[in-house]
Amino acid sequence: MDLNTTRRLNNGVEMPMMGLGVFRSQDGQETVDAVRWALEAGYRHIDTAASYGNEESVGEGLRQSGVPREEVFITTKLWTTEMRAGKQRESFLRSLEKLGVDYIDLYLIHWPAPLVYKPSYRIVEDLYKEGLIRAIGVSNFHEWHMEDLLEEAEVVPAVNQIEFHPLLTQLPLIKYCEKIGCAPEAWSPLGAGHLLSDERVVSLAKKYGKTPAQVLLRWDLQMNVITIPKSVKKERIIENSKIFDFELTLEDMAILAAMNTCTHFGKNPDIWSF
């Protein structure tokens, strides 16, 4: 396993297991630099969203890196406002334009906004069938959202991007996704930074001669969960990628999994008012 390791999605598309997330990365030079540094360091997976407001900067970072478009896996997402306004297709085409690309590798329904996520997914399925998207999926969907979606969906979501870290393992959801052939992907894999100072994580980091972030990201990969840590610091972006020269033991994997307290640092899809 290395930075080029991919996971084969349910339609055969290969998705890099490790990527750079740009949630809350400022539009402009901050995001341009982060994307360029990541690609120069060997990353080939960038995750953004229309609601992040930095798609143009992601595209510029890609161009400045000199890495060919076809070598980079780009994810972006459809926001709830556009779903409610019936502007799903327009939003997708706007994302294409801002990114400066002619296709998206993975396009996700960002949140399961009531009443509109099922018709929105049908529109995304059409875009997929037109060849404008290589794989489609969802984000922040719990099992009951998935079951509801699959009552009408023609294409099983290839990915479900969820908040995932040792304090929020969501193992029943992970197992459900695996059962239906949907790859789980972690956002906030470091628990919004809260886990970096947790004594259990720090202890394991000392044991392996790694940073707490590296231990957490390695845990994700050994759980077979795609991960997209966010950073805008060059040294941290490079450091986060150095997780392929060690392996956590089963006992240490269990220590991290046992930390689960069902703690959300982001919004809980079951109680957030969309």
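Values in this text are rule-based calculations from the coordinates and carry no lab data. Keep in mind it's a predicted model, so treat the numbers as computed, not measured. Cβ placement follows ideal geometry from the backbone for every residue including glycine, while neighbour counts extend to all protein chains displayed.
Shown in residue order for region 241-251 are the 3J(HN,Hα) couplings computed by the Karplus curve 6.51 cos²θ - 1.76 cosθ + 1.60 at θ = phi - 60°: 7, 8, 10, 10, 10, 8, 9, 6, 6, 4, 5 Hz (x for Gly and Pro).
For LYS87, the lysines whose Cα comes closer than 17 Å to its Cα, not counting residues fewer than 8 places off in the same chain, are LYS77, LYS98, LYS118.
For the chain, CYS262 have no disulfide-compatible partner, since no other Cys C-beta lies under 4.7 Å from theirs.
Calculated FRET efficiency, ARG69 to LEU250, Cβ-Cβ distance, R0 = 35 Å: about 0.30 to the nearest 0.05.
Taking N as the number of residues in region 105-176, what is its alpha-carbon radius of gyration divided by 2.2 N^0.38 Å?
Values: Rg = 12.3 Å, N = 72, 2.2 N^0.38 = 11.2 Å.
Rounded to two decimals, the normalised Rg is 1.10.
Karplus-based coupling profile of region 117-133, in residue order and whole Hz: 6, 6, x, 5, 5, 4, 5, 5, 4, 4, 4, 5, 5, 7, x, 8, 9, with θ = phi - 60° in 6.51 cos²θ - 1.76 cosθ + 1.60 and x standing for Gly or Pro.
Summarising the amide proton neighbourhood of HIS45: residues at separation of 5 or more, or on other chains, whose placed amide H is nearer than 5 Å comprise LEU20, PHE73.
Spatially, region 10-33 and region 214-274 are offset by 16 Å when compared through their Cα centroids.
Calculated over the chain, the projected area of the Cα convex hull averaged across directions stands at 13.1 nm².
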